[in-house]
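Note sheet for the following structure.
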Amino acid sequence: MEEALEVYTECIENQPNSGTSYGFRAYVHNTLGNFNESIKDYDKAIEIKPISYFYTWRGQVKKKIGKLEEANNDFNLAIQHLSNVNELDMDCYDFDDLSKAYFELKNYDRSLECCSRAIELSENSHKTSLSDYKYQKARILIKLGKYDLADECIKSAAKINSSSYYYPFMYSLLYYKKNEYLKAIKFCDKCIEHTDHKKKVYIRRAKCHYALGNIDQALIDLNTYLDHNPLYNKAKELSKIYQGQSGSVYCWLSEINMIKYYDNFISEGFDEIDICKELTDDDIQNELNIDNEEDQQILINAIKSLNINDNDGPSN
């Protein structure tokens, strides 16, 4: 994606009045987590070439950073832009954009109508987009609670393109909504193996782990996402909630800036605070394989503090 950023930057330098180049560079910035830069580029794209999908895409970025009122205004502007166009003159891309705008505004019935129309039109002339539209339809059906129909739609899309990232992505969403968290995690894993383009799947996997009581693993996934997208409000809010509900090894190691050894603790079975309290000085080096003497001392002192706090409990 960094290469794409360079390509579109060069296009803008050569053609500074190309709204399309600004729009696509904005899309790349969004993918890379550069949300503020993405919005600036969409602003410029719309100034030069005010087309519906630039409004929709800008709205999606604003939604990520918590500017919900501005985001909804952009989605409405996208719909308004296309409302003046005769439906007979609209192509599958127009209906797809309408579907996405209505989806973001939570008007799922209207979103489904527009998506179905996009599928109908693409079957005749734009078959390369057909699978994407069917995956989008599955997403809408999941929101409407029509899980069996969504399953059929995913399978139909997979017949066209089973290698698409959206195949595991949609199944991870479907199983998450059906509270089948282990299956959802399996498909989240496939998404992550497939590509890191859509890092949002880390949030879904975190929710699954949290639902199963694996709070430490949930926090790892959220922080992995936040490493790439530190401005994304939803992930930050979830992280605070999960940390607030956890007296976990993960949180304890975070507090003493030793989170880099989390895997050492978990892999050796020290996955609860009470178990960690039993660690001896020798265990830190021999069991946890921590060789750095300074870090060893930090952990020794932290474990002593855990035990002192226990002994300083309320007296009778």
### Query
Which residues, counting only those in region 201-224, are within 15 Å of residue 188 (Cα to Cα) and either among the polar types (S, T, N, Q) or within 12 Å of the chain's Cα centre (by Cα) (or both)?
201, 202, 203, 204, 205, 206, 207, 217, 221, 222, 224
### Query
Are any residues in region 149-176 hydroxyl-bearing (Ser, Thr, Tyr), open to solvent by 50 Å² or more (accessible area, probe 1.4 Å) and part of a helix (DSSP H, G or I), and if so, which ones?
166, 167, 176
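Give 119, 48 a once-over and let me know the one that is touching a residue at least 12 places away in the same chain (Cβ under 8 Å) and more than 25 Å from residue 140 (Cα to Cα).
On the way: 119 fails: more than 25 Å from residue 140 (Cα to Cα).
Going through 119, 48 in turn, the sole match is 48.
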### Residues being open to solvent by less than 50 Å² (accessible area, probe 1.4 Å), closer than 29 Å to residue 201 by Cβ and without any contact (Cβ under 8 Å) to a residue 24 or more places away in the chain - total across region 255-285
3
## Note on the structure
Note on residue 13: of the conditions (1) farther than 24 Å from residue 85 by Cβ; (2) over 25 Å from the mean Cα position of the chain (by Cα); (3) touching a residue at least 12 places away in the same chain (Cβ under 8 Å), unmet is (3)
### Task
Please go through region 72-93 and pick out each residue that is open to solvent by 40 Å² or more (accessible area, probe 1.4 Å) and either part of a helix (DSSP H, G or I) or touching a residue at least 40 places away in the same chain (Cβ under 8 Å) (or both).
72, 73, 76, 77, 80, 81, 83, 87, 88, 89, 93
### Query
Does region 53-62 contain at least one residue that is in contact with a His (Cβ under 8 Å, 6 or more places away or on another chain) and closer than 18 Å to residue 27 by Cβ?
yes
### Query
Quick one: what pairs do we get from region 127-156, first residue closer than 15 Å to residue 178 by Cα and modelled with pLDDT of 95 or more, second β-branched (Val, Ile, Thr) and in a helix (DSSP H, G or I), C-beta under 7 Å, 6+ apart or different chains?
138/154; 150/142
### Pick from region 126-148, criterion of a type in the set (D, E, K, R) and open to solvent by 40 Å² or more (accessible area, probe 1.4 Å), ranking: farthest from the chain's Cα centre (by Cα)
127
### Message
Can you tell me which condition residue 257 does not meet? The list is (1) out of contact with any Cys (no Cβ under 7 Å at 6 or more places or on another chain); (2) at negative phi, and all the others hold.
### Response
(2)
### Task
Return only the number of the condition from (1) outside any helix (DSSP H, G or I); (2) within 23 Å of residue 60 (Cβ to Cβ) that residue 179 does not satisfy.
(2)
### Query
Name the residues in region 221-235 that are buried (at least 16 other Cβ atoms within 10 Å of the Cβ) and either touching a strand residue (DSSP E or B) at 6+ places or on another chain (Cβ under 7 Å) or of a type outside the set (Ser, Thr, Tyr) (or both), would you?
221, 222, 223, 226, 229, 234, 235
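Is it fair to say residue 185 is assigned to a helix (DSSP H, G or I), under 28 Å from residue 39 (Cβ atoms) and not charged (D, E, K, R)?
Answer is no for this residue.
The values are calculated or read from the model by the stated rules, or taken from the named source; none is laboratory data. Just so you know, these numbers come straight off a predicted model, no measurement behind them. Neighbour counts are summed over all protein chains in view; Cβ atoms, including those assigned to glycine, are modelled from backbone coordinates with ideal geometry. The area values use the complete protein model at the heavy-atom level, side chains included, leaving out ligands, DNA and RNA. Shrake-Rupley method; radii C 1.70, N 1.55, O 1.52, S 1.80 Å.
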